[in-house]
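Have a look at the structure below, then the notes.
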Amino acid sequence: MNKTTTFTMIKPDAVINNYTGKIIDHVLNAGFSIQAMKYIWLTAEQAGSFYAVHAARPFYNDLVSYMSSGPIVAIVLEKENAVEDFRKTIGATDPQKAEPGTIRNLYAKSIEANAVHGSDSDENAQIEAGFFFSQFERF
Ligand code: UDP
Ligand code: MG
């Protein structure tokens, strides 16, 4: 099977709580390899643009504030079946519903401050990687 790409962010709560190293270790042990990685503090405008697809949702404004409240780590990952396998590795959006041993089960605080992002499709993985890394810009 060919390797594919997914995109993740270690979110502000996890960075502030010093879970960055543990989460990267977990991701590598799950078989993903790192293609690109960046530590960055998003402005509200950048966070709003990244999550523009959720602009109509009731949680959007809080999400944008939260995602610009502290630094994040943006990472492009590679693995066979990367998108689906990474969603399994992180667990459900709500950490209370995330399977034991998943990253959100282990490290997330709440449905909003849920430790990590994970792309939901191959197409969105490319778009999201291109948001942070010029080498992944779509052509
Ligand atoms: N989110 C939230 N409240 C909700 C649902 C989502 O604050 O009721 C936040 C949460 O940080 C989530 C992000 O919005 O990770 C994007 O939501 P999505 O439904 O895409 O969840 P994900 O794909 O991250 O599991
Ligand atoms: Mg999503």
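Please work out if Tyr19 is surrounded by 12 or more Cβ atoms within 10 Å (Cβ to Cβ) and over 14 Å from Gly118 (Cα atoms).
Numbers: surrounded by 12 or more Cβ atoms within 10 Å (Cβ to Cβ): yes; over 14 Å from Gly118 (Cα atoms): yes.
Yes.
Working only within the range 51-88, note down all residues that are among the aromatic types (Phe, Trp, Tyr) and either over 12 Å from Lys11 (Cβ atoms) or within 12 Å of ligand 2 (Cβ to nearest atom) (or both).
Matches in the range 51-88: Tyr51, Phe59, Tyr60, Phe86.
Give the number of residues within the range 22-50 that are basic (Lys, Arg) and exposed (fewer than 13 other Cβ atoms within 10 Å of the Cβ).
Final tally of qualifying residues: 1.
Out of everything in the range 31-59 that is part of a loop (DSSP other than H, G, I, E, B) and under 15 Å from the mean Cα position of the chain (by Cα), what residue ends up being nearest to Phe86 (Cα to Cα)?
The qualifying residue nearest to Phe86 (Cα to Cα) is Phe32.
Within the range 99-126, count every residue that is within 16 Å of ligand 2 (Cβ to nearest atom) and within 15 Å of Val27 (Cβ to Cβ).
10
Out of (1) away from ligand 2 (no atom under 15 Å from the Cβ); (2) under 21 Å from Lys22 (Cα atoms), what's the single condition that is false for Phe133?
Looking at each condition in turn, Phe133 falls short on (2).
The numbers here are math on the coordinates, done by the rules we state, and not lab data. Keep in mind it's a predicted model, so treat the numbers as computed, not measured. Cβ coordinates were reconstructed from backbone atoms using ideal geometry, including for glycine residues, and neighbour counts include every protein chain displayed.
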